[in-house]
């Protein structure tokens, strides 16, 4: 045994010395090949690939396969092609790519602005066309629908762009004009809230209430009351209190129908005041006078002015978030940050500093149009159609609610001689919130209704939950 060991060592030594000068010896090359083979086999066994036994080989020969089944089925995970394929698989589909979705929304605004200036569709207005175009694109699959999906562009629009649009547009608000319309907007908003409550009662009576929705009919009435006076936060509060969230089908169906019909009502609020004004020449003259009154000087856009406007908006948004958090933590005051941001914008608008914020109207209108495009993407027809008979009952319920609501608010405006545009903004402040009221006021060309609409929306957020609980208890 010792001799064999010496001979083995000597053979290895001889193998090392036998190579050509300056190059690897045969022993070294063989050792390298052996090492690579060992490493390759170790990697294969460590990666979980099955070892081929005699039974597998016999079965493969009987089936006509010359290569072992384990090797035939082995995936190629270590090649550069598979690595690139894996990277390509991680890329989101085109319709969900954030850059593509943002580009489509921007070009929607361009298209609708062109249609508004060069075609007979100008009577519809840019706001309504943006909603319709985005809704068609979403249902055709060009861009994603918002309901039940995670779309970063849509989330950023609601979380960042919409509040910034409020700040930018409020920089041109004259409080002396606004105070004259405050009481009128408050009266119209309360009338709209009453119309919502009556609409819920009539809608449940038409659909069948307990027959259609079972034990959740009262909770469902409270949910729609809360959301069409306040917003989705109020609706979710009622749903959580009455356990509607445990019924996933009913809760998802209510949200889908609510999103789709909110888009329809937004479009109606853009069109109805114009139609009613045409039917009444005196009203049309009053609306034209209001438009002349709120005409502002030309918005001069410069790089410095845009930088000032954009930076001031971001800083004000940051400050409002911190102030709202401080008030909630120190004094237990649940004041929404949007109210703080509105206050900051109004205070800044009354100072000479607002004159240096050039381009605020351009930025604000663009942000509003993008927001309206996202509202249009909420209209998911396929989601509503997939609910079957439940979708029919929910859609009928919401249609009756809006019909009664619209008759009450616009009928009261006609009866008491109030402004139809103000009635539409008050209605939208309850149905869609302050941001939707702002977008509607700007699309109607009524800058004097921007601040009253935002304040009415804040009031609705404060009252929506109480109204929802009251209606649910009475049902």
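Any read-out appearing in this document is the output of simple, stated calculations on the displayed coordinates, not a laboratory observation. Just so it is clear, the structure is predicted and the values come from calculations on it, not from any experiment. No Cβ is skipped: glycine too gets one built from the backbone with ideal geometry, and neighbour counts run over all protein chains shown.
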Exercise. Among 318, 168, which comes first, second and so on when ranked by fewest other beta-carbon atoms within 10 Å?
Worked result: 318, 168
Seminar exercise, completed: Packing-ranked peptide list from 134-141, 453-460, 336-343, 381-388, highest mean Cβ count within 10 angstrom first, is 453-460, 336-343, 134-141, 381-388
For this session: Please work out the FRET efficiency for the pair residue 240 and residue 310, using the Cβ-Cβ distance as r and a Förster radius of 41 Å; give the result to the nearest 0.05.
Result: 0.60
For this session: Can you tell me how much longer the chain between residue 278 and residue 202 gets when fully stretched, taken as 0.36 nm per residue apart minus their C-alpha distance, in nm with one decimal?
Result: 24.3 nm
Problem set entry | Added length on full extension, which subtracts the Cα-Cα distance from 0.36 nm per residue, residue 215 to residue 183 | 7.5 nm
Problem set entry | Where Rh is the Kirkwood radius over Cα pairs, Rg/Rh for segment 104-474 | 0.96
